[in-house]
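The values are calculated or read from the model by the stated rules, or taken from the named source; none is laboratory data. Everything numeric here is computed off the predicted structure, so don't read it as measured data. With ideal geometry, Cβ positions are generated from the backbone for all residues, glycine too; neighbour counts draw on all protein chains shown.
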Amino acid sequence: MSISNTQSISGLLGSNVNSQAAASSSAASSTASAFDINSFMKMFLTQLQCQDPTNPLQSYELAAQLAQFSTVEQLTQANSTLGNIQGYQSAVNNADMASLVGKEVTATQSTVDVKSGAADTLNYQLGAASNVTVSITDSNNNVVYSENRGAQDAGNYNIAWNGKGTDGNTVPDGTYTYTVSAANASGTTTTVPTTIQGQVYSLSLDAAGPYYTLSGPDGTRVSASNIVQVGTAGS
C-alpha cells in the first residue's frame with residue numbers, strides 16, 4: 001500500500017489521540033447505540049493494517065482508543081439501564097393513578113361538563129366574605145346561571161347545580177365555566193379558587209397527559225395533576 005493511500009485512510013480513521021477523541025465524541029452522540037464491540041474491533045484492526053509504517057501508532061494511542069471505546073460502551077449500557085428504570089417507574093405511576101378509579105376525588109377546576117342535565121358537584125373555599133356571588137357561563141361567555149349567596153363564613157362550600165339556567169330551563173349539554181366572587185367588608189371583590197368533585201369513572205393516558213373522567217363516560221375531564229383530595233365513593 002502506498003504512503004498516500006495510507007495517509008488517506010489514517011486521516012479518515014484518525015491516527016492520533018485528538019482525532020480519535022473527536023471521532024469517539026461524534027459516535028457517542030449519534031451512533032453509540034449501534035456501535036458494538038464487533039464494529040470497534042473491525043475499525044481498530046483496519047486502522048492497524050493501514051497505518052503508516054513510517055509513523056506507526058504508539059502504545060499510548062492504542063490504549064487511549066481502547067479507553068474511549070470502553071467509555072462509549074459503558075454509556076450505552078447506562079442509557080439502556082436508565083431506559084428500563086424509566087419504563088418500570090412509568091408502569092408503577094400508571095398503576096398508582098389507575099387505583100383512583102371508583103374513588104371520590106376533588107380537583108382544582110373552573111369548568112364543568114353538563115350531560116343530559118346532570119353536572120358534577122362544584123366547590124369553593126374562601127375566607128369570611130360579606131357577599132358571595134356564583135356565576136356560570138357557556139362557551140360564548142353568556143351567563144346561564146347566577147346566584148347571590150350573601151355573607152358566608154370562612155370554610156368549604158358546595159354548589160349543587162342541577163344543570164338548569166336562571167330561567168329554570170335545563171341548559172344544553174356542553175362545557176361551562178363557573179366563577180365565584182367574594183366581597184369583603186370594604187367592598188373589595190376577589191375571585192375565589194374553585195374545585196370540582198366527583199367519582200372517577202376512568203383514567204386516560206395519552207400524549208396530552210393523563211386525565212380522569214368523572215361520573216360516567218361523558219363526565220367532566222380533570223387533569224391528574226389537578227387532583228387535590230381523594231376519598232372513598234360517596235364520601
Please verify whether Asn226 is surrounded by fewer than 20 Cβ atoms within 10 Å (Cβ to Cβ), farther than 22 Å from Val144 by Cα and free of Cβ contacts under 8 Å to residues at least 60 places away in the same chain, treating the condition exactly as stated.
no
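Inspect all residues belonging to the stretch 126-134 and state whether any of them is surrounded by fewer than 17 Cβ atoms within 10 Å (Cβ to Cβ) and modelled with pLDDT under 90. It would help to see each step written out before you state the result.
Here is the first cut: in the stretch 126-134, the ones surrounded by fewer than 17 Cβ atoms within 10 Å (Cβ to Cβ) are 127-128, 130-131.
Next, only the ones that are modelled with pLDDT under 90 stay: 127-128.
Yes, the conditions are met somewhere in the stretch 126-134.
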Selection from the stretch 81-116 of residues at pLDDT 70 or above, surrounded by 11 or more Cβ atoms within 10 Å (Cβ to Cβ) and not in a loop (DSSP other than H, G, I, E, B) yields Met97, Ala98, Glu104, Val105, Thr106, Ala107, Thr108, Thr111, Val112, Asp113, Val114, Lys115
Note on the stretch 131-156: residues over 17 Å from Pro193 (Cα atoms) and assigned to a loop (DSSP other than H, G, I, E, B) are Asp138, Ser139, Asn140, Asn141, Asn142
